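Reading through the structure tokens given below for one structure.
Derivation of every value follows stated rules applied to the coordinates shown; laboratory data play no part. Values in this document were obtained by computation on a predicted structure and should not be read as measured data. A quick note on method: Cβ atoms are made from the backbone with ideal geometry, for glycine too, and the neighbour counts reach across all protein chains shown.
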Amino acid sequence: MMILRKALLIAAAVLAMAVPAAAAELTLSFNNLPTLNESTEGLYEGWAIVDGMPVSTGVFNVNGAGEPVMPGGGGVIASFPVPDSIGMSSSIKISLEPVGDADPAPSGLIVLGGDVESEITALTAAVPGLDMLMTSGGSYILATPSDNAVDPANDDQGIWFLAMPGPVAGLTNLPDIGPNWKYESWVVDVSGGGPVPYTGGTFDMAAGLDSDEAGCNGGGPPFPGQDYTAFHCGPVLDLDSGDFAAVISIEPVPDNGPGPFMFKPLAGMIPTDALDNGGMVGNQVADTFPTGTAGILGTVPVAETSWSSLKASFR
Ligand SMILES: [Ca+2]
Ligand SMILES: [Ca+2]
Ligand SMILES: [Ca+2]
């Protein structure tokens, strides 16, 4: 009889545990997290990882001040109401969810994350090797060696991330960013109202052919780069005009759009003397990569509540 009574009390205690004792809140704030075009880029979604499973903390966009806002041009979300269980979360992640997302699970595209160690969790870009990436740099030359048979005098129309003598890799300290990300080189025309990017192909390492080699006819040195020449199907670009920047981005796999992703670790204007001297891409991870803070507030630690409930049931 005593055993049955205890069993019933434990059952009652377990039932009580399932009811949140207090409303929990999650607050989010960001730096350098871009406002999304919701009709083409989708929305951000927060996730608390509890017992290894993602629990959604809600979808949002961000405003220019880095505050989360309601989708559809709504107001600032001062805090997200969330289940008490997130008081037990091991990490917080922010995903990018596609337009018209109907899947309740997180997309594979996690942009920010951080391990929960206290009520305040620092969020950083979810790219492997971020510490090493902050030390990356590089140089390039202007050259179009792959079409010299048809045009030996157009070297200002091609860019190669290599250094002479050698050639050796021009990009330095690039971390292995794993299967979920790729590097992509770009030249970006910044002379007009908005930047116009032209891809140079994707790659995993500083040495080796990139995804499209020199252009439509292939060839070129075994390093990331591109010949923006007529022989390679164009566009024909005058890269030392002072109108172009060289940029290395990090793109999700699969890519979520044709343009550069929000992670642009290396960039620099292509100088007008680059034909003679080459140029450099500077590190802008610290200045441009998104960061954030997640605050988990008002929670009653679930483990403690459960334990005290259980202890009470044995008295
Ligand atoms: Ca040439
Ligand atoms: Ca290429
Ligand atoms: Ca892209």
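For n ≥ 4 DSSP H runs only, could you compute -39500 (n - 2.57) per run for the chain, divide by its residues and tell me the 222 nm figure to the nearest 500? Calculated at 222 nm, the ellipticity per residue is -3500 deg cm²/dmol. List the GluC sites (Glu not before Pro) within segment 22-125 that DSSP assigns to loop and that have no more than 16 neighbouring Cβ atoms inside 10 Å. Those that pass, being in a loop and sparsely packed, are Glu38, Glu117, Glu119.
Pairs of Cα atoms under 8 Å, at least six residues apart: use those to get the relative contact order of segment 22-126, whole percent. Dividing the mean separation by the residue count of segment 22-126 yields 28 percent. With the simple model of a label 7 Å out from the Cα in the direction of the Cβ, Ser90 to Thr35 spans 3.8 nm.
Spacing of the modelled spin labels on Asn180 and Ala102, each 7 Å from Cα toward Cβ, amounts to 2.6 nm.
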